[in-house]
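The values are calculated or read from the model by the stated rules, or taken from the named source; none is laboratory data. Since this is a predicted model, take the numbers as computed values, not measurements. Positions of Cβ are generated from backbone atoms using ideal geometry, with glycine treated the same way; all protein chains shown enter the neighbour counts. All accessible areas refer to the heavy atoms of the entire protein, side chains included, with ligands and DNA or RNA removed. Shrake-Rupley method; radii C 1.70, N 1.55, O 1.52, S 1.80 Å.
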Amino acid sequence: MPASSLPPRERLIETATRLFSRHGYHAVGIARLVEEAGVSRVALYHHFRTKEELILAVLRRRDEVSRNVIMREVERASDEARERLIALFDFLESWFKQTDFTGCMFLNATAEYHDLDDPIHRAANEHKRMMLDYIGKLSREAGADDPETLAYQLYMLFDGAVVQTHASGGGAPRLAAARAAAAALIDAATAGKGKVRTLSNGVLPSERPR
């Protein structure tokens, strides 16, 4: 559906998502939002009492869409939880190749709204918590001895790859390193689980001699 045919509320959320992801939250003012969305200030304040309310709506929408996309791609990759954990990094590869890749809106939100009690910071952090829960679920299904620790380790690699690619560009070497580290962590956490898997950067053993 063309943006101009969307209801004003949806136009505002779509426009704000594009602008915030490219330029940040503080840098985009109300005047630019209403101009590019093609709505009046009256319409904006009819749907959102403040800019902060609009940011929260953007983050909630982004959370719903992004987690659904990630989980769909990961679940499609394999029936085995172990392979699905590796598929998290395959998802990153496809995301980094998109021309509109501008980093993580949730990490950016926590940086710009750094007060832990700020509603925007809490909303962004909630997305991170739910992603961590999902990775923890896969870690348990993969048979990790300590699934919570493995989930933290893998999500740190996941987020780190996003940050480094956004900051420096040229994500392929960083992503290959993160994927290899993830495979090694999974190997260490899952005794006797999985098989050798051929990756885009070579063959990584999923089980090492003991």
Discussion item. Student exercise: in the chain, how many lysine pairs 8 or more apart or on different chains have Cα atoms under 24 Å apart?
Written reply: 5
Worksheet item: Sorted by packing (mean other beta-carbon atoms within 10 Å per residue), highest first, where do 30-37, 7-14 land?
Response: 7-14, 30-37
Fill in: Heavy-atom accessible area ranking, 1.4 Å probe, most first, across LYS137, LYS51
LYS137, LYS51
Worksheet item: By how many degrees, 0 to 90 and rounded to 10, does the Cα axis of helix 171-189 deviate from the longest principal axis of the chain?
Response: 50 degrees
Practice prompt. Using a 1.4 Å probe over the heavy atoms of the protein chains, calculate the carbon and sulfur portion of the accessible area of the chain as a whole percent.
Written response: 53 percent
Worksheet item: Pairing the Cα long axis of helix 8-23 with the longest principal axis of the chain, what angle in degrees results, from 0 to 90 and rounded to the nearest 10?
Response: 60 degrees
Worksheet item: Rounded to the nearest 0.05, what FRET efficiency do LEU6 and SER168 have when you use their Cβ-Cβ distance and R0 = 30 Å?
Response: 0.25
Practice prompt. With a 1.4 Å probe and every protein chain left in place, work out the accessible area per residue of segment 1-127 in Å², rounded to a whole number.
Written response: 53 Å²
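Tell me, what is the FRET efficiency for ARG22 and SER78 to the nearest 0.05, using R0 = 22 angstrom and their Cβ-Cβ distance as r?
It comes out at approximately 0.05.
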Worksheet item: Using alpha carbons only, how many degrees (0 to 90, rounded to 10) separate the axis of helix 147-168 from the longest principal axis of the chain?
Response: 60 degrees
